[in-house]
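See below for the structure under consideration.
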Amino acid sequence: MSKKTASMKNSRLQPQAVRWQGQVESACAQHGLQLTPLRRQVLAILAESSAPLGAYAIMDQLSRRESKPIAPPTVYRTLDFFLANGFVHKIESRNAYAPCAHLGHDHQGILLICGRCGRTDEIENANFDKLVQATAAKVGFVTQRQVVEIEGLCESCRHEAHPAE
């Protein structure tokens, strides 16, 4: 992912980013998961971003905040922790990470990715999940992980591209 699509917002976080960050902190406390200073910093970087971020973009921002080089394995271990606990989604097509909007339960979200600004929205649809599971089961396939990514234009970018719509 290019650095342009991973642009940062102002230091003021959007309400949903603050809410997500608080939910992750609460979930860690509730389940006895350690939220180390490094994990908190990566959490903040992800929350502040207006678009999904790749590991190297996170590493660059972390290095600037710490005023020292950060090794890639450090960031990847942190991202693995967030993935394993359902706090983020990995966007396979962009090799990037985005906050999970629906913490606290197992689900397979659908990621809507804006091809222009990089914004990613997660939606849930139980009927869609059932359809995918049933379709896989018909051919004897058992799903272990489902990633559905749909690329298009978010509402803002669509209006910028076609103001009359």
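What the table shows:
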{"item": "Residues satisfying the stated conditions in segment 136-152, i.e. surrounded by fewer than 13 Cβ atoms within 10 Å (Cβ to Cβ) and in a helix (DSSP H, G or I)", "result": "137, 138"}
{"item": "Whichever residue in segment 5-27 is part of a helix (DSSP H, G or I) and modelled with pLDDT under 85 and, among such residues, is surrounded by the most Cβ atoms within 10 Å (Cβ to Cβ)", "result": "17"}
{"item": "Among the candidates 38, 53, 79, residue that is in contact with a Phe, Trp or Tyr (Cβ under 8 Å, 6 or more places away or on another chain), of a type in the set (A, V, I, L, M, F, W, C) and touching a residue at least 40 places away in the same chain (Cβ under 8 Å)", "result": "53"}
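The values are calculated or read from the model by the stated rules, or taken from the named source; none is laboratory data. In this text the structure is predicted, and so the values were computed from the model without any measurement. Cβ atoms come from the backbone with ideal geometry, glycine included; neighbour counts cover every protein chain shown.
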